[in-house]
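The structure appears right after this line, and notes come after that.
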Ligand code: ADP
Ligand code: MG
């Protein structure tokens with residue numbers, strides 16, 4: 001075929017393919033236009049998954065009648081004049097493409113009235129061709145109706161999924177914009193039925209409540225506002241899940257840049273990294289992270305649907321996100337106890353502590369504590385009055401042991417069940433991590449012991465001598481894969497060091513590939529797992545109390561180093577409810 005310039009209607013259809021992939025992309029573009037027009041009330045209605053009808057109505061500025069036909073043409077926009085304007089965009093749209101693209105692949109009706117004009121105008125377009133226009137009485141604002149989407153692009157039509165799936169994608173778009181713009185009231189109607197409405201009162205938490213179930217919402221933490229000294233013009237806000245709430249994939253990490261929903265694998269990773277050991281390795285948090293920064297710091301013009309952006313200082317943005325999320329996780333308090341601070345409780349013998357809360361079961365607990373059984377009790381986003389106490393445990397009184405694996409304890413917040421192995425792992429982990437500041441207590445061996453570990457594993461030990469020393473093993477190379485051991489960590493008890501070290505080296509070898517980036521931490525986790533008391537080990541009441549005391553002193557007592565919960569909590573309020581005393 002010879003080279004030819006495509007006729008405009010073919011070129012338009014091809015261009016439309018980039019912007020309009022499915023009904024939800026139409027909804028996204030129309031909502032963005034309504035927001036750019038300053039609307040405070042936006043209604044989205046659909047039929048048959050958006051295939052038959054999509055209608056977006058707003059109370060925004062409207063389009064002057066004389067300009068309305070232009071709005072439907074390609075590269076026609078009121079948001080941009082010069083290429084320089086691209087450097088500091090404050091609008092969601094800027095390419096002047098969306099309406100033309102949608103019009104090219106549907107039957108579109110635009111009714112709009114500019115605030116300054118007495119009547120509005122109606123335009124009808126089919127497959128990109130203007131069929132007619134007439135004056136029309138209408139309230140100020142714009143109503144865009146898109147019918148028969150893709151009627152003239154059968155290839156696209158074939159790729160659409162079921163009505164339910166498409167409606168779900170649309171719902172996702174509507175709810176995310178509702179979250180990003182809490183001051184705007186969004187309504188979403190499917191087949192005439194209202195399925196979502198945001199209050200539009202500026203309170204983002206109230207929108208969140210309508211997106212997640214009550215239990216999940218309760219476990220969402222509000223990101224603590226905290227200016228980053230290295231990047232004072234960036235702000236990171238939003239919500240992240242407490243470590244007790246997680247998902248099987250990273251799809252629930254949602255990122256917004258200047259209130260635009262974007263995809264960014266790097267920033268999603270920043271969120272994940274902030275959880276460090278708080279989540280099991282194969283689990284991911286839920287996050288809604290709103291990043292605001294000066295428009296000149298972001299390039300939005302890199303992706304056809306504007307779903308990706310580029311940052312001028314990507315590393316600083318990464319750091320700011322990771323830092324904000326991490327701080328939130330470390331600082332947001334579980335509202336377990338408002339009477340005794342953990343610091344007060346950690347010191348002192350058990351006797352006085354018992355007296356400190358003799359009537360705890362009849363005590364009135366804060367509502368945030370009155371929910372379902374959960375491994376971590378965290379405030380609902382609304383209970384911002386909670387003083388930060390670092391997610392620590394309140395003082396606990398050992399009651400006994402169940403199945404030689406779980407401790408039963410009482411605390412000011414009700415009943416606690418503690419997994420003894422997981423709890424001890426956490427304790428050892430924090431002990432070893434703190435070793436550079438506070439050396440691990442060691443047990444000197446009467447005589448140095450020669451450890452034969454085999455050349456395969458000896459290399460691993462050699463590589464990690466420093467970390468092993470930090471963990472309390474005083475090891476010295478002795479040639480030919482052998483080591484001389486002079487001291488062991490005190491918490492190792494009377495276990496055979498030869499066994500312990502070769503088990504540790506074996507586990508590390510098995511984990512080696514997966515954790516190549518963080519071998520030291522992996523080694524420490526392996527040591528903790530190997531040396532922690534096991535399920536099945538009977539503990540005296542004194543030993544139980546000691547374990548609890550050490551767990552209370554941990555910074556992150558609620559998960560083991562592998563991210564599994566150490567503690568289950570049954571609140572007093574919940575006990576009362578279960579016994580029908582409320
Ligand atoms: P862009 O949003 O990139 O400018 P669009 O094709 O989406 O391009 O819209 C073209 C123009 O039509 C916009 O620049 C705006 O002036 C006008 N417009 C579209 N939708 C609305 C609306 N809901 N309210 C007011 N003006 C609108
Ligand atoms: Mg637009």
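The values are calculated or read from the model by the stated rules, or taken from the named source; none is laboratory data. Keep in mind it's a predicted model, so treat the numbers as computed, not measured. Cβ placement follows ideal geometry from the backbone for every residue including glycine, while neighbour counts extend to all protein chains displayed.
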Some residue of region 20-28 being more than 28 Å from the chain's Cα centre (by Cα), away from ligand 2 (no atom under 13 Å from the Cβ) and farther than 12 Å from residue 184 by Cβ: no
Cross-chain or 6+ apart pairs with Cβ under 8 Å, region 72-90 first and in the same structural domain as residue 145 (by TED's automatic domain parsing) and within 17 Å of residue 293 (Cα to Cα), then part of a helix (DSSP H, G or I) and more than 16 Å from ligand 2 (Cβ to nearest atom): 87/295; 87/296; 88/295; 88/296; 89/295; 90/295
Residue count for region 239-269, restricted to those that are over 10 Å from the mean Cα position of the chain (by Cα) and either closer than 26 Å to residue 30 by Cβ or not in a loop (DSSP other than H, G, I, E, B) (or both): 13
Residue in region 62-74 that is within 6 Å of ligand 1 (Cβ to nearest atom), buried (at least 21 other Cβ atoms within 10 Å of the Cβ) and closer than 20 Å to residue 10 by Cα present: yes
Residue 575 vs. criteria more than 19 Å from residue 459 (Cβ to Cβ) and either modelled with pLDDT of 85 or more or within 36 Å of the chain's Cα centre (by Cα) (or both): yes
Options 87, 21; residue that is in a loop (DSSP other than H, G, I, E, B), away from ligand 1 (no atom under 12 Å from the Cβ) and either touching a strand residue (DSSP E or B) at 6+ places or on another chain (Cβ under 8 Å) or modelled with pLDDT under 95 (or both): 21
All positions within region 90-120 that are more than 12 Å from ligand 1 (Cβ to nearest atom) and either outside any strand (DSSP E or B) or surrounded by 22 or more Cβ atoms within 10 Å (Cβ to Cβ) (or both): 90, 105, 106, 116, 117, 118, 119
Region 29-44 - residue that is crowded, with 19+ Cβ neighbours inside 10 Å and within 16 Å of residue 196 (Cα to Cα) and, of those, nearest to the chain's Cα centre (by Cα): 31
First in region 50-70 and closer than 28 Å to residue 164 by Cα, second anywhere and near ligand 1 (Cβ under 8 Å from one of its atoms) and part of a helix (DSSP H, G or I), Cβ under 7 Å, 6 or more apart: 56/30; 56/34; 58/34
Filter pass, residue 128 being at pLDDT below 95, in the same structural domain as residue 153 (by TED's automatic domain parsing), more than 10 Å from ligand 1 (Cβ to nearest atom) and surrounded by 19 or more Cβ atoms within 10 Å (Cβ to Cβ): yes
Residue that is nearest to residue 63 (Cα to Cα), among those in region 145-187 that are assigned to a strand (DSSP E or B) and touching a helix residue (DSSP H, G or I) at 6+ places or on another chain (Cβ under 8 Å): 146
Flag for residue 142 being more than 34 Å from the chain's Cα centre (by Cα), closer than 14 Å to residue 32 by Cα, within 13 Å of ligand 1 (Cβ to nearest atom) and not in a loop (DSSP other than H, G, I, E, B): yes
Filter result (more than 13 Å from ligand 1 (Cβ to nearest atom) and either assigned to a loop (DSSP other than H, G, I, E, B) or closer than 17 Å to residue 100 by Cβ (or both)) within region 24-53: 51, 52
Hey, residue 133 modelled with pLDDT of 95 or more, buried (at least 17 other Cβ atoms within 10 Å of the Cβ) and assigned by TED's automatic domain parsing to the domain that holds residue 19 or not: no
